[in-house]
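Participant: I am attaching a structure below and will ask some questions about it afterwards.
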Amino acid sequence: MEISSYARHAFNDQIKVLEHDLLEMGSRAEQMVGEAVESLSKLDTALARGVLAKDDDIDERDLSIESRCLQMLALQQPMAGDLRVIGTAMKMITDIERIGDLAVDIAKISMKVEKEFGETTFIDIPGMANIARSMLCEVLEAYVRRDLARVDEVCRRDEEVDDLYRELREQIFDHMRAHPEQVVSNSWLLLAIHHVERIADHTVNIAERVRFMVTGEMPTSQEHQGRSLS
């Protein structure tokens, strides 16, 4: 019995370390998004290159956390609730890593727009990105606190991002019509706002996994399909 109690205590410590590392990885990805969008807003190529340089760190954290999760599954023989915690962590790092990739893509777009002598200040990409970043922070807290109210709030705010995406897309179309000489740079901006919208979608993916972790209920296929068509 003492051995079992010791093993449980050790496993709980491992879970706490796992949660800490997940928060750190998510925080770094959120920071990358902020810097990437700022580089696009200001057409700051030095800041954009800084975002690109951080991509390897996110990738290394992804592999490290995945390796630890696999070791915990193999060595600790976790029970159902613990399996959901570890499984959720493995799903989360996939989405967080993809968020980091999208931040890199936005940073690359800022460099392309700057090269085309384009404009970015006529649309509020930072405002849209701030909501997505806030969603990411909230969902990480939801994971650590097992907070379904935060999960619900993240899913609700995704609709705000979708509405802003459609609004900014129309503004870019209008700008294309008024400034046909900037059609190339404006095309890159269309891709940038799509990347921000996808960041929010990846955050909702995390929220759905947190809900599963807490309740054991998986999201329906209709929910997945509805988000992919938004």
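The values are calculated or read from the model by the stated rules, or taken from the named source; none is laboratory data. Just so it is clear, the structure is predicted and the values come from calculations on it, not from any experiment. When we count neighbours, we look across all protein chains shown, and the Cβ atoms used for this are built from the backbone with ideal geometry, even at glycine.
Participant: Within 18 Å of the chain's Cα centre (by Cα), surrounded by 14 or more Cβ atoms within 10 Å (Cβ to Cβ) and of a type in the set (Lys, Arg): does that describe Arg28? Break it down stepwise before answering.
Facilitator: Details: within 18 Å of the chain's Cα centre (by Cα): yes; surrounded by 14 or more Cβ atoms within 10 Å (Cβ to Cβ): yes; of a type in the set (Lys, Arg): yes.
It is true that Arg28 is within 18 Å of the chain's Cα centre (by Cα), surrounded by 14 or more Cβ atoms within 10 Å (Cβ to Cβ) and of a type in the set (Lys, Arg).
Participant: Considering only residues of the stretch 63-88 that are modelled with pLDDT under 95 and exposed (fewer than 14 other Cβ atoms within 10 Å of the Cβ), which is nearest to Asp105 (Cα to Cα)?
Facilitator: Within the stretch 63-88, the match that is nearest to Asp105 (Cα to Cα) is Leu70.
Participant: Since Ser185 meets every condition but one in (1) modelled with pLDDT under 95; (2) in contact with a Gly (Cβ under 6 Å, 6 or more places away or on another chain), which condition does it not meet?
Facilitator: With (1) modelled with pLDDT under 95; (2) in contact with a Gly (Cβ under 6 Å, 6 or more places away or on another chain) applied to Ser185, the lone miss is (1).
Participant: Name every residue in the stretch 182-216 that is basic (Lys, Arg) and closer than 12 Å to Ala142 by Cα, in order of residue number.
Facilitator: Kept after step one, since they are basic (Lys, Arg), are these residues of the stretch 182-216: 198, 209, 211.
Residues satisfying the conditions are Arg209, Arg211.
Participant: Name the single residue, out of those in the stretch 77-121 being more than 14 Å from Glu38 (Cα to Cα) and of a type in the set (Lys, Arg), that is farthest from the chain's Cα centre (by Cα).
Facilitator: So the residue we want is Lys115.
Participant: When only residues in the stretch 122-145 that are modelled with pLDDT of 95 or more and over 18 Å from the mean Cα position of the chain (by Cα) count, which is farthest from Ser185 (Cα to Cα)?
Facilitator: Asp124
Participant: I need every pair where a residue in the stretch 89-107 that is of a type in the set (S, T, N, Q) has its Cβ under 9 Å from the Cβ of a residue that is buried (at least 24 other Cβ atoms within 10 Å of the Cβ) and not in a helix (DSSP H, G or I), sequence separation at least 6 or different chains.
Facilitator: Nothing qualifies.
Participant: State yes or no: is Leu18 in contact (Cβ under 8 Å) with a residue 60 or more places away in the chain, surrounded by fewer than 16 Cβ atoms within 10 Å (Cβ to Cβ), among the aliphatic types (A, V, I, L, M) and closer than 15 Å to Val144 by Cβ? Don't jump to the end; show me each part of the working.
Facilitator: Working: in contact (Cβ under 8 Å) with a residue 60 or more places away in the chain: yes; surrounded by fewer than 16 Cβ atoms within 10 Å (Cβ to Cβ): no; among the aliphatic types (A, V, I, L, M): yes; closer than 15 Å to Val144 by Cβ: yes.
So Leu18 fails the test.
Participant: For the stretch 147-162, check the following and say yes or no: at least one residue is surrounded by 21 or more Cβ atoms within 10 Å (Cβ to Cβ), more than 16 Å from the chain's Cα centre (by Cα) and not charged (D, E, K, R).
Facilitator: Checked the stretch 147-162: no residue is surrounded by 21 or more Cβ atoms within 10 Å (Cβ to Cβ), more than 16 Å from the chain's Cα centre (by Cα) and not charged (D, E, K, R).
Participant: Right, another one. Which is touching a Lys or Arg at 6+ places or on another chain (Cβ under 9 Å), part of a helix (DSSP H, G or I), under 25 Å from Phe11 (Cβ atoms) and among the charged types (D, E, K, R), of Arg98, Arg61, Arg68? Working first, answer last.
Facilitator: Details: Arg98 fails: under 25 Å from Phe11 (Cβ atoms); Arg68 fails: touching a Lys or Arg at 6+ places or on another chain (Cβ under 9 Å).
Matching residue, one of Arg98, Arg61, Arg68: Arg61.
Participant: Looking at Glu116, Glu38, Glu97, Glu60 in this structure, which one is crowded, with 20+ Cβ neighbours inside 10 Å and not basic (Lys, Arg)? Talk me through it step by step, then tell me what you get.
Facilitator: On the way: Glu116 fails: crowded, with 20+ Cβ neighbours inside 10 Å; Glu38 fails: crowded, with 20+ Cβ neighbours inside 10 Å; Glu60 fails: crowded, with 20+ Cβ neighbours inside 10 Å.
Unique residue meeting the criteria: Glu97.
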